[in-house]
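Inspection log for the structure reproduced underneath, given as structure tokens.
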Amino acid sequence: MLQNIYDYLLLGSLLAIWLVILLNMVLVNAGFIAYLKYSRKQEKRVLETLPFVSILIPAHNEEKVIGKTVESMLNLNYDPEMYEIIVINDNSSDNSAEILKKIQGKNPHRNLTIINTDKITGGKGKSNALNIGLERSKGQLLAIYDADNTPEKNALYELVYEIENDSKAGAVIGKFRCRNKNRNLLTRFINLEGLYFQWMAQAGRWQLLKLCTIPGTNFIIRRSILDEIGGWDTKAITEDTEISFRIYRMGYHIRFCPYSASWEQEPETIPVWLKQRKRWVKGNYYVMIKNFKYLFDKDAGPVRFDILYFLAIYVFFFIGAVVSDLLFILGLGGFIDTYIMGYSLLLWFMAYILFILSVLIAASIEKGELNVLNFFIVLLMYFTYCKLWTIVAVMGLISYLGDIFFKREVKWYKTERFD
Amino acid sequence: MNFWKWLKGIWNMMSKIVCKKQYRRLAWIASLIILLFTRTISSYAIAVDSKEYLFYKHLYSYGERASSVLKLYTGLQGEGRNVFLLPHDKAWEIDLREKDSIIILTPNFDSNKEYVRFMELYPEQVMTDIELYQSFANKPIDEIGPILGIDKIYPFSDLNKLMDIADGFYDRGIEFVLIIMPVYENYQLEAYDEYIEVLKYLVSRGGNLFVHYPVTHSQGVYNLDPKPPLKEAIAEYRKRGLEVMGIKLSLDKVFNNFNVFNDLDLPFLLITSEETRINENLVIDKISEILQPYIMVASYKPQQLDIFRYKANNAYNPKHLVYIDINTEMDLLEDLVALLDSQEVPIVNFNPRHYKSELKLFYNISHTDGNNNRVMTQQEIFKQEELEKIRRTNLNQEEIIRYDISSHSNKSIKVALGIGVILLIYLYISRRINTKKYFK
């Protein structure tokens, strides 16, 4: 028997943190195996017939980035006759409409549709904008890109190739890379975080369980699925996660395609980053709670693991991290006493080493990312960026609970863009 | 945040400091201040390390049984002075620095021609014994009296009487010296435990422990090396929580047998009169260098005490101890104390804290601190614990059972280490794979 409640809390938080670390190590292993498999694929990736694809780009006050995005969409290595670009300029108050009109004027023969909405028809978030685009689209396959994305020329082709060759795939996701990674320390952290998440978490889950979650951009989905589920859930502020669960419940899976890459702009300041990540956290809590019942449903398939994975990260790990930090501070101040002995600092240090190694492995997979500068950034990341995430998780949870208790309207926060 | 920009910025700033005139001037002024400061510090250091050389011709003057040179030397060492013995034939070998001084014991020389050259060469640095004694003239009254010591305490001595004496001293606020005999065997006996407890009690009443030089010539045992048994005896005392801080021995043994007590961490030497003459073939000046860190206290029997010296003006009264054998002379103690009281001669407290700077070369005397807290006896520790229980301040401590996760922790570390090795291999493989780094 332990001496007091603090002992239980400390032991519990240690257990939670280490369970999640071990889980992540499993994913890192699986992710690396997936990488080896992908890197060895030799077959020529040729599509005999190209299906018609509708590219949907929801945009709200994106004058800084939308021009570049649409230009890159027009330059994709895909038969221009076999894809259309639909930009949903959702209740924008800036010059987005003018910029888009100019581009449309320069490319009169291209399948470029601009839908301008106002606060009555639009202005209700990304999900609503996508639904508007869905109504106007013609393709059997829909590719979604954020307004700040500039995909590689072959990005769309690779996504189509994968979905055409896998009938069980309800959607195929590509990678997103950080376009402004060299801007400052924050963007460097985000860049490494993105690499880790995609190559270790996404590829790892795909390798083990054929399980992925849609990242919100650079993905392709079958129209039939959207028709069946009635489009995107407008209540969800992370519509990507929400739709991922729905796809799996329908018996499809989501495939990971590392050959398709798109470059996007990430937040360059901490306040913008905090707002974005808080939205993600809130959205993920919403999805997790909405789908919690499937945790005990055998027919739900690999969705159960995803729910568990979310639980592990957003509940066990973050609570464990916050509790252990609090106990440490209170213990130092002499406010509480814990009677656990035998905890070695070496254990903490090993967790730190595992974190460094796993991020470096993810970095080594991408061209030019494994370098001395990134090494030092990873060393720093644990004490800075990861701690920020703990703060975001707490803020997101409080905000989410506040929305429920005070019945606040869920608002979709648009990430600020930078020049 | 660009790391290289930061570096460049610092470099530019440093270049500005070096190149611009007003910054250069500032740098010069700052360097000057730093130099002056370090010079002051080093001067102070020199002042602290200044030496006094006791210049003599004969260790023993004609007809002397006890060396007056060594008596003065002992007295000066007891005052915490940095004194070295200097035979006259080595006078010109010393490196006399600005702050050093020479004390010439004039009666020790055959004529003043033998030392007058020094006085002419170093008029500011030479002092005669007369001048030295005059410098002691106005010693504060509370420092002229004797320190009291109880000698030859054995495990079988009258410990109850000893405790009564200690209580008496404690009531009068006297801090005294206890000279205990080294015990070489029977540490496991209960009697030894009781003896240790009594010593702890005496220490708590203001006693300071010194060990007696080993008595090895009894029972016909000659030429036995006394150091090993002495070392063991002191170690046993210290293991039991008693801090032995010095040794009582005769002056001849200080020079002839310094190897016995050297490196035993005994900073104080209670020096009694010579039992034999000091071997004059010894390299006295070198030995005095070895003895320099020690604090010497001249020690006398009550019969050797000259009570009138305390009353005379300008009398030289170096720090000294009067010791009484507990086994045979306890009646003398009362008489001595009564005599000192009647002559209004104060009894000087022996307090190691007064020798803090000298003791730095030895261990820290841990059982005494600014509040004069002494080592507690078992009875006192027990009493304190019971009082804490009554005040409910340590109740929980008795119930504390710590939950040990060290075995799980060790296993987890091993698992983590294994995983780490695997990840390192992955990193190596990833670097080596020739995939033209397709992924970007």
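The values are calculated or read from the model by the stated rules, or taken from the named source; none is laboratory data. In this text the structure is predicted, and so the values were computed from the model without any measurement. With ideal geometry, Cβ positions are generated from the backbone for all residues, glycine too; neighbour counts draw on all protein chains shown. These area figures cover heavy atoms from the full protein model, side chains too; ligands, DNA and RNA do not enter into them. Shrake-Rupley method; radii C 1.70, N 1.55, O 1.52, S 1.80 Å.
The rows are residues; the columns are (1) over 19 Å from the mean Cα position of the chain (by Cα); (2) modelled with pLDDT of 80 or more.
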{"site": "B:Leu305", "(1), (2)": "yes, no"}
{"site": "B:Asn327", "(1), (2)": "yes, yes"}
{"site": "B:Val345", "(1), (2)": "yes, yes"}
{"site": "B:Val348", "(1), (2)": "no, yes"}
{"site": "B:Tyr363", "(1), (2)": "no, no"}
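Does at least one position in the range A:228-240 carry a residue that is part of a helix (DSSP H, G or I) and in contact with a strand residue (DSSP E or B) (Cβ under 9 Å, 6 or more places away or on another chain)?
Within the range A:228-240, the subset part of a helix (DSSP H, G or I) is A:228-229, A:239-240.
Next cut, in contact with a strand residue (DSSP E or B) (Cβ under 9 Å, 6 or more places away or on another chain) only: A:240.
Within the range A:228-240, one or more residues are part of a helix (DSSP H, G or I) and in contact with a strand residue (DSSP E or B) (Cβ under 9 Å, 6 or more places away or on another chain).
Run down A:Glu135, A:Glu48 and say which single residue is open to solvent by 10 Å² or more (accessible area, probe 1.4 Å) and in a loop (DSSP other than H, G, I, E, B). So that I can check it myself, show each step before the final result.
Values: A:Glu135 fails: in a loop (DSSP other than H, G, I, E, B).
Being open to solvent by 10 Å² or more (accessible area, probe 1.4 Å) and in a loop (DSSP other than H, G, I, E, B) holds for just one of A:Glu135, A:Glu48, which is A:Glu48.
Determine if the range A:390-397 includes at least one residue that is within 25 Å of the chain's Cα centre (by Cα), within 14 Å of chain B (Cβ to nearest Cβ), open to solvent by 60 Å² or more (accessible area, probe 1.4 Å) and at pLDDT 85 or above.
Let us first name the residues in the range A:390-397 that are within 25 Å of the chain's Cα centre (by Cα), namely A:390-397.
Next, from what is left, pick out any that are within 14 Å of chain B (Cβ to nearest Cβ): none.
No - not one qualifying residue is present in the range A:390-397.
Could you list, in sequence order, the residues of the range A:1-23 that are modelled with pLDDT of 85 or more, open to solvent by less than 40 Å² (accessible area, probe 1.4 Å) and at the interface with chain B (Cβ under 10 Å from one of its Cβ atoms)?
Listed by number, the residues that qualify are A:Trp18, A:Ile21.
If you check A:Ile254, A:Ile243, A:Ile190, A:Ile237, which single one turns out to be at pLDDT 90 or above, more than 14 Å from chain B (Cβ to nearest Cβ) and either open to solvent by 20 Å² or more (accessible area, probe 1.4 Å) or at negative phi (or both)?
Working: A:Ile243 fails: at pLDDT 90 or above; A:Ile190 fails: more than 14 Å from chain B (Cβ to nearest Cβ); A:Ile237 fails: at pLDDT 90 or above.
Of the residues listed, the single one that is at pLDDT 90 or above, more than 14 Å from chain B (Cβ to nearest Cβ) and either open to solvent by 20 Å² or more (accessible area, probe 1.4 Å) or at negative phi (or both) is A:Ile254.
For A:Asp325, indicate whether it is surrounded by fewer than 18 Cβ atoms within 10 Å (Cβ to Cβ), away from chain B (no Cβ under 14 Å) and free of Cβ contacts under 8 Å to residues at least 24 places away in the same chain.
Details: surrounded by fewer than 18 Cβ atoms within 10 Å (Cβ to Cβ): yes; away from chain B (no Cβ under 14 Å): yes; free of Cβ contacts under 8 Å to residues at least 24 places away in the same chain: no.
Judged against the criteria, A:Asp325 is not a match.
Which condition number does A:Glu43 fail, the rest of (1) away from chain B (no Cβ under 12 Å); (2) over 29 Å from A:Tyr259 (Cα atoms) being met?
Of the numbered conditions (1) away from chain B (no Cβ under 12 Å); (2) over 29 Å from A:Tyr259 (Cα atoms), the odd one out for A:Glu43 is (2).
Identify all residues within the range A:60-90 that are buried (at least 20 other Cβ atoms within 10 Å of the Cβ) and either modelled with pLDDT under 90 or in a loop (DSSP other than H, G, I, E, B) (or both); write none if there are none.
Across the range A:60-90, the qualifying residues are A:His60, A:Glu62, A:Val65, A:Leu76, A:Tyr78, A:Asp90.
Show me the strands (runs of 3 or more DSSP E) entirely contained within the range B:145-220 in which 2 or more residues are over 24 Å from the mean Cα position of the chain (by Cα) and in contact (Cβ under 8 Å) with a residue 12 or more places away in the chain.
Numbers: elements: B:147-153, B:176-180, B:207-212.
By residue number, no strands (runs of 3 or more DSSP E) qualify.
Residues A:Ile361, A:Ile289, A:Ile319: which one is within 24 Å of the chain's Cα centre (by Cα) and surrounded by 20 or more Cβ atoms within 10 Å (Cβ to Cβ)?
Among A:Ile361, A:Ile289, A:Ile319, only A:Ile361 is within 24 Å of the chain's Cα centre (by Cα) and surrounded by 20 or more Cβ atoms within 10 Å (Cβ to Cβ).
Looking for whichever is open to solvent by 80 Å² or more (accessible area, probe 1.4 Å), at pLDDT 80 or above and not in a loop (DSSP other than H, G, I, E, B) here; the options are B:Lys286, B:Lys356. Which one fits?
On the way: B:Lys356 fails: at pLDDT 80 or above.
Only one candidate passes the filter, namely B:Lys286.
Among the residues of the range B:243-257, which ones are closer than 27 Å to B:Ser204 by Cβ and surrounded by 20 or more Cβ atoms within 10 Å (Cβ to Cβ)? If you could, list the steps in order and put the result at the bottom.
Step one: filter the range B:243-257 for residues closer than 27 Å to B:Ser204 by Cβ, giving B:243-249.
Within the range B:243-257, B:Val244, B:Met245, B:Gly246, B:Ile247, B:Lys248, B:Leu249 meet the criteria.
Matching residues to (1) free of Cβ contacts under 8 Å to residues at least 60 places away in the same chain; (2) of a type in the set (Val, Ile, Thr); (3) within 19 Å of A:Ile144 (Cα to Cα); (4) within 14 Å of chain B (Cβ to nearest Cβ):
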{"residue": "A:Val26", "(1), (2), (3), (4)": "no, yes, no, yes"}
{"residue": "A:Tyr35", "(1), (2), (3), (4)": "no, no, no, yes"}
{"residue": "A:Leu47", "(1), (2), (3), (4)": "no, no, no, no"}
{"residue": "A:Leu50", "(1), (2), (3), (4)": "no, no, yes, no"}
{"residue": "A:Ile55", "(1), (2), (3), (4)": "no, yes, yes, no"}
{"residue": "A:Pro58", "(1), (2), (3), (4)": "no, no, yes, no"}
{"residue": "A:Asn61", "(1), (2), (3), (4)": "no, no, yes, no"}
{"residue": "A:Asn77", "(1), (2), (3), (4)": "no, no, yes, no"}
{"residue": "A:Ile103", "(1), (2), (3), (4)": "yes, yes, no, no"}
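For the range A:200-215, state whether one or more residues are open to solvent by less than 10 Å² (accessible area, probe 1.4 Å), in a helix (DSSP H, G or I) and under 26 Å from A:Ile85 (Cα atoms).
No, the range A:200-215 contains no residue that is open to solvent by less than 10 Å² (accessible area, probe 1.4 Å), in a helix (DSSP H, G or I) and under 26 Å from A:Ile85 (Cα atoms).
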